[in-house]
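Colleague: Just dropping this structure here.
The values are calculated or read from the model by the stated rules, or taken from the named source; none is laboratory data. Note that this is a predicted model, so its numbers are computed, not measured. Cβ placement follows ideal geometry from the backbone for every residue including glycine, while neighbour counts extend to all protein chains displayed.
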Ligand code: FES
């Protein structure tokens, strides 16, 4: 399984006429509001699904603010992503209990199995991995979440099984559809 996934290539929403139209409308409708940067970025994230580097520069130019400000906001808040999220999102808890309990080893295994870094999505668009803060299940550290489901007392050798069961579930859904 190790090499069955590769990093997802960045797609540029600005070269997609439909997406560019949506982005322009969001900017025009919100640019004079207080807190316009946050409002515009929020809407782009929810309408387009991610805020690429080129979109960050475009928003900065349109709002007449430095690109570094936009970049700072996008990287500070974890609900913003710079590449499209996959069908499933796996988050690794970086809270103290989980970190001490083995999240770094778990993350290493995930990177090795999926071939991506946190914040990236597999080439087939199936899985995004992210880091997150404490999810309130510290007694089960280390913890990861798959979509909304919490998996506690995780060990690196259990990770491939999780990926396998996600793939099986997706196959079943496709057959049932
Ligand atoms: S530190 Fe991970 S759930 Fe609390």
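Colleague: Restricting to the stretch 109-136, and then to whatever is under 12 Å from the mean Cα position of the chain (by Cα), surrounded by fewer than 18 Cβ atoms within 10 Å (Cβ to Cβ) and more than 16 Å from the ligand (Cβ to nearest atom), can you tell me which residue is farthest from residue 154 (Cα to Cα)?
Modeller: Looking at the filtered set, the residue picked out is 125.
Colleague: Hey, any hits in the stretch 68-83 for a residue that's touching a strand residue (DSSP E or B) at 6+ places or on another chain (Cβ under 6 Å) and within 11 Å of the ligand (Cβ to nearest atom)?
Modeller: no
Colleague: I need the helices (runs of 4 or more DSSP H) fully contained in the stretch 57-161, keeping only those with at least 2 residues that are in contact with a helix residue (DSSP H, G or I) (Cβ under 6 Å, 6 or more places away or on another chain) and in the same structural domain as residue 29 (by TED's automatic domain parsing).
Modeller: Passing ranges, in order: 67-76.
Colleague: On to the next question. Quick test for you: out of 154, 174, pick the one residue that is at pLDDT 95 or above and over 12 Å from the mean Cα position of the chain (by Cα).
Modeller: The conditions single out 154.
Colleague: Of the conditions (1) surrounded by 18 or more Cβ atoms within 10 Å (Cβ to Cβ); (2) touching a strand residue (DSSP E or B) at 6+ places or on another chain (Cβ under 7 Å), residue 146 satisfies every one except a single condition; which number is it?
Modeller: (1)
Colleague: When you check residue 165 against the structure, is it near the ligand (Cβ under 9 Å from one of its atoms), part of a helix (DSSP H, G or I), more than 19 Å from residue 84 (Cα to Cα) and out of contact with any strand residue (DSSP E or B) (no Cβ under 7 Å at 6 or more places or on another chain), yes or no?
Modeller: No.
Colleague: Same structure again: Starting from the stretch 128-139, take each residue that is under 10 Å from residue 93 (Cα atoms) and free of Cβ contacts under 8 Å to residues at least 60 places away in the same chain and list its partners that are more than 6 Å from the ligand (Cβ to nearest atom) and not in a strand (DSSP E or B), counting only C-beta distances under 6 angstrom and pairs at least six apart or across chains.
Modeller: That search, which allows pairs on different chains as well, returns 130/118; 131/94; 131/118; 137/152.
Colleague: Another one. Can you tell me which residues in the stretch 30-51 are surrounded by fewer than 13 Cβ atoms within 10 Å (Cβ to Cβ) and out of contact with any helix residue (DSSP H, G or I) (no Cβ under 8 Å at 6 or more places or on another chain)?
Modeller: 32, 34, 35, 46
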